[in-house]
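Below is one structure, written out as structure tokens, with a few remarks after it.
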Amino acid sequence: MAAGGGQAVSFLTNVARAAVGLGVSASVLSASLYTVDGGERAVLFDRFRGVLDETIGEGTHFLIPWLQKPYIFDIRTRPHTFTSNSGTKDLQMVNLTLRLLSRPDVPMLPTIFKSLGTEYDEKVLPSIGNEVLKAVVAQFNADQLLTERPHVSALVRDALIRRARDFHIVLDDVAITHLSYGTEFSIAVEKKQVAQQEAERSKFLVARAEQERRAAVIRAEGESEAAKLISEATASAGTGLLELRRIEAAREIAATLAKSPNVAYLPGGNNMLFGLNPTSMGQGR
């Protein structure tokens, strides 16, 4: 019985030792492996040799535990948006929003890691974006940023691509998504529009006054011509025309008074037009 108990203890001890060995081996194996997922690349840091020059691709790879450490980079295109307050050539302040699509230059990842670290894009893109925007916007007046927007965007894109290349960053797209002017410029534009409207209104008033003047001249010429014709007709045909005018005026006055509900008092004597004495008018001639 004692011999059987000793064999059981020895067996259990061997099993425990094997389990510990397997656990240690699994831990060492797990620490010796790392995985690079799709759309990622790795840079390996060695405690003796520093950052290795090789960029490690997708898959599972071995490393020496404690001695080596992997740093994973996302190489997929990522969007970045930032704003800039820039001054134009005519000293107006403009707010611009820029959108970038960037990715790292994969063969240069070790260099990027040495100089900038894993957050390379957050360190570089906002600074060079503001620098380029201020330099380009300063070449144009405020109104030209709207009328020549494609040209401005092309200049910004070309300049940013060149600057980003110095840091081994590839820009797939650069676009100005928003443009707004400062309060002072908006007020100045509004005042200009009001002034233009006032100028157009003044032009209209001048044109209307000119038309009224011409109409008055034409009307005066017509009345003068009519008076001349009446005078000539009276001289040649006597007072018959005046008698006709008197009758027409009397009919109009009578029709007007007949339609009026009020009581009308007419002066006596020959002071009314329909009381004119044609004979006396003829003698006055």
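The values are calculated or read from the model by the stated rules, or taken from the named source; none is laboratory data. Note that this is a predicted model, so its numbers are computed, not measured. Here Cβ is always computed from backbone atoms with ideal geometry, including for glycine, and neighbour counts include all displayed protein chains. In case anyone asks, the SASA skips ligands and DNA or RNA and just uses the protein heavy atoms, side chains included. Shrake-Rupley method; radii C 1.70, N 1.55, O 1.52, S 1.80 Å.
Rolling a 1.4 Å probe across the protein heavy atoms gives region 28-74 an accessible surface of 61 Å² per residue. Atom-type composition of the exposed protein surface of region 28-74 places 56 percent of the accessible area on carbon and sulfur (1.4 angstrom probe). Atom-type composition of the exposed protein surface of region 191-233 places 56 percent of the accessible area on carbon and sulfur (1.4 angstrom probe). For ASP74 paired with PHE48, estimate the spin-label separation in nm (one decimal), with each label point 7 Å from Cα along the Cα-to-Cβ line. Between ASP74 and PHE48, the simple spin-label model gives 3.6 nm. For region 78-181, rounded, prolate or oblate, judged on the Cα gyration tensor with a ≥ b ≥ c (square roots of eigenvalues), a/c < 1.5 rounded, else prolate if a/b > b/c? Prolate, since a/c reaches 1.5 and a/b exceeds b/c.
Using a Förster radius of 51 Å, what is the FRET efficiency between ARG162 and LEU33 based on their Cβ-Cβ separation? Nearest 0.05, please. That pair, ARG162 with LEU33, gives E of 0.80.
Solvent-accessible area per residue in region 191-233 equals 89 Å², computed with a 1.4 angstrom probe and all protein chains kept.
Sorting the segments 65-76, 122-133 by their residues' average number of neighbouring beta-carbon atoms within 10 angstrom, most packed first, yields 122-133, 65-76.
Average accessible surface for region 78-181: 49 Å² per residue, computed with a 1.4 Å probe over protein heavy atoms with every protein chain in place.
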